[in-house]
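First comes the structure, then the notes that go with it.
The values are calculated or read from the model by the stated rules, or taken from the named source; none is laboratory data. Keep in mind it's a predicted model, so treat the numbers as computed, not measured. Here the Cβ positions follow ideal geometry from the backbone for every residue, glycine too, while neighbour counts run over all protein chains shown. Please note that ligands, DNA and RNA were not included when accessible areas were found on the heavy atoms of the full protein model with its side chains. Shrake-Rupley method; radii C 1.70, N 1.55, O 1.52, S 1.80 Å.
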Amino acid sequence: KGKAPQEPSWLRGHSVMVLSSIADPKAFEATLKNLGAHIAGRLHYPDHHIYSAQDLQQISRACWQKAFPVIVTTAKDAVKLEPLLPQIPAELNIRILNIEFLIHDEDIIF
(Lines give C-alpha, C1' and ligand atoms only; values in the text may rest on other atoms or scores of the structure.)
Protein backbone atom coordinates (compact mmCIF):
# COMPACT_ATOMS: atom_id res chain seq x y z
CA LYS A 1 0.00 0.00 0.00
CA GLY A 2 2.19 2.80 -1.25
CA LYS A 3 5.45 1.71 0.38
CA ALA A 4 8.75 2.71 -1.16
CA PRO A 5 10.68 -0.06 -2.92
CA GLN A 6 13.28 -1.88 -0.84
CA GLU A 7 16.20 -4.09 -1.70
CA PRO A 8 15.38 -7.80 -1.29
CA SER A 9 18.01 -7.96 1.47
CA TRP A 10 15.28 -6.81 3.90
CA LEU A 11 13.94 -10.39 3.74
CA ARG A 12 17.02 -11.82 5.49
CA GLY A 13 15.92 -13.17 8.85
CA HIS A 14 12.27 -12.14 8.49
CA SER A 15 9.39 -14.57 8.89
CA VAL A 16 7.08 -14.33 5.92
CA MET A 17 3.76 -15.73 4.80
CA VAL A 18 3.95 -16.70 1.12
CA LEU A 19 0.89 -15.72 -0.94
CA SER A 20 0.72 -16.86 -4.53
CA SER A 21 -1.44 -18.10 -7.36
CA ILE A 22 1.26 -19.13 -9.77
CA ALA A 23 2.04 -22.38 -11.55
CA ASP A 24 5.21 -23.11 -9.56
CA PRO A 25 4.96 -21.75 -6.01
CA LYS A 26 7.91 -23.90 -4.91
CA ALA A 27 10.25 -21.89 -7.13
CA PHE A 28 8.93 -18.65 -5.57
CA GLU A 29 9.48 -20.06 -2.08
CA ALA A 30 13.00 -21.18 -3.03
CA THR A 31 13.76 -17.63 -4.15
CA LEU A 32 12.51 -16.25 -0.83
CA LYS A 33 14.59 -18.79 1.12
CA ASN A 34 17.66 -17.95 -0.98
CA LEU A 35 17.13 -14.31 0.01
CA GLY A 36 17.21 -15.36 3.67
CA ALA A 37 13.50 -15.35 4.50
CA HIS A 38 11.97 -17.84 6.91
CA ILE A 39 8.73 -19.28 5.52
CA ALA A 40 6.26 -19.06 8.43
CA GLY A 41 3.28 -20.11 6.33
CA ARG A 42 1.98 -20.41 2.82
CA LEU A 43 -1.25 -19.70 1.03
CA HIS A 44 -1.20 -21.09 -2.48
CA TYR A 45 -4.15 -20.66 -4.80
CA PRO A 46 -4.53 -22.19 -8.27
CA ASP A 47 -2.69 -20.50 -11.14
CA HIS A 48 -4.61 -17.48 -12.50
CA HIS A 49 -6.79 -17.32 -9.37
CA ILE A 50 -8.92 -14.18 -9.01
CA TYR A 51 -8.78 -13.05 -5.38
CA SER A 52 -12.04 -12.37 -3.55
CA ALA A 53 -13.15 -10.83 -0.27
CA GLN A 54 -13.42 -14.38 1.11
CA ASP A 55 -9.78 -14.95 0.20
CA LEU A 56 -8.85 -11.82 2.17
CA GLN A 57 -10.62 -13.28 5.19
CA GLN A 58 -8.67 -16.54 4.79
CA ILE A 59 -5.40 -14.62 4.41
CA SER A 60 -6.18 -12.54 7.49
CA ARG A 61 -7.04 -15.65 9.56
CA ALA A 62 -3.82 -17.37 8.48
CA CYS A 63 -1.84 -14.30 9.52
CA TRP A 64 -3.50 -14.20 12.93
CA GLN A 65 -2.49 -17.83 13.45
CA LYS A 66 1.13 -17.02 12.52
CA ALA A 67 1.31 -13.81 14.60
CA PHE A 68 1.08 -11.59 11.51
CA PRO A 69 4.29 -12.16 9.61
CA VAL A 70 4.96 -10.08 6.54
CA ILE A 71 3.06 -11.39 3.52
CA VAL A 72 5.17 -11.67 0.38
CA THR A 73 3.52 -12.10 -2.99
CA THR A 74 4.51 -11.93 -6.64
CA ALA A 75 4.05 -8.92 -8.91
CA LYS A 76 1.53 -11.02 -10.87
CA ASP A 77 -0.53 -11.59 -7.74
CA ALA A 78 -0.24 -7.97 -6.63
CA VAL A 79 -2.01 -6.89 -9.82
CA LYS A 80 -4.84 -9.30 -9.04
CA LEU A 81 -5.06 -8.03 -5.45
CA GLU A 82 -5.22 -4.38 -6.52
CA PRO A 83 -9.05 -4.26 -6.95
CA LEU A 84 -9.34 -5.41 -3.32
CA LEU A 85 -7.02 -2.72 -1.87
CA PRO A 86 -9.85 -0.83 -0.13
CA GLN A 87 -10.89 -4.08 1.62
CA ILE A 88 -7.42 -5.19 2.73
CA PRO A 89 -7.16 -4.84 6.52
CA ALA A 90 -4.52 -2.34 7.62
CA GLU A 91 -2.77 -4.96 9.75
CA LEU A 92 -1.92 -7.06 6.69
CA ASN A 93 1.63 -6.11 5.70
CA ILE A 94 1.72 -7.21 2.07
CA ARG A 95 5.01 -6.85 0.19
CA ILE A 96 5.69 -7.57 -3.47
CA LEU A 97 8.80 -9.35 -4.67
CA ASN A 98 9.62 -8.20 -8.19
CA ILE A 99 11.77 -10.67 -10.07
CA GLU A 100 13.67 -9.74 -13.22
CA PHE A 101 15.30 -12.11 -15.66
CA LEU A 102 18.51 -11.01 -17.33
CA ILE A 103 19.75 -12.77 -20.43
CA HIS A 104 23.50 -12.44 -20.86
CA ASP A 105 23.91 -14.43 -24.06
CA GLU A 106 21.19 -13.90 -26.66
CA ASP A 107 22.49 -16.87 -28.68
CA ILE A 108 21.16 -19.23 -26.03
CA ILE A 109 17.59 -18.36 -26.97
CA PHE A 110 17.90 -18.85 -30.74
Distance in nm between label sites at residue 68 and residue 49, each 7 Å beyond Cα in the beta-carbon direction? 2.3
Sequence-distant residues sharing a close amide H with residue 42 (under 5 Å, placed H): 18
For region 8-110, which whole-number percentage of the solvent-accessible area (1.4 Å probe, protein heavy atoms only) is attributable to carbon and sulfur atoms? 56
As an exercise, identify the GluC sites (Glu not before Pro) in region 10-106 lying in DSSP coil whose Cβ has no more than 13 other Cβ atoms within 10 Å. 91, 100
Quick calc: nm separation of the 7 Å Cα→Cβ label points for residue 33 and residue 58 -> 2.3
Could you tell me, in Å, what Rg and Dmax come out for the Cα atoms of region 1-103? 12.9, 41
Helix-only CD estimate at 222 nm, as mean residue ellipticity for the chain, using -39500 (n - 2.57) per DSSP H run (n ≥ 4): -8000 deg cm²/dmol
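Tell me the relative contact order for region 1-72 as a rounded percent, counting alpha carbon contacts under 8 Å between residues six or more apart. Don't skip to the end; give the middle numbers.
On the way: 83 pairs, mean separation 28.5, N = 72.
Relative contact order for region 1-72 comes out at 40 percent.
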Pop out the ³J(HN,Hα) list for region 95-100 in order, Karplus 6.51 cos²θ - 1.76 cosθ + 1.60 with θ = phi - 60°, rounded to Hz; leave Gly and Pro as x. 10, 10, 9, 8, 10, 10
Read phi for every residue in region 75-90 and hand back ³J(HN,Hα) as whole Hz from Karplus 6.51 cos²θ - 1.76 cosθ + 1.60, θ = phi - 60°, with x for Gly and Pro. 4, 4, 6, 4, 4, 6, 7, 3, x, 8, 3, x, 9, 6, x, 4
Just grab the label-to-label distance for residue 14 and residue 99, each label 7 Å out from Cα along the Cβ direction, in nm (one decimal). 1.7
Whole-Hz Karplus ³J(HN,Hα) for region 21-28, in order, using 6.51 cos²θ - 1.76 cosθ + 1.60 and θ = phi - 60°, x for Gly and Pro? 9, 10, 5, 10, x, 5, 5, 5
Take a quick pass over the chain and tell me how many lysine pairs come in under 22 angstrom between Cα atoms, counting only ones 8 or more apart or on separate chains. 10
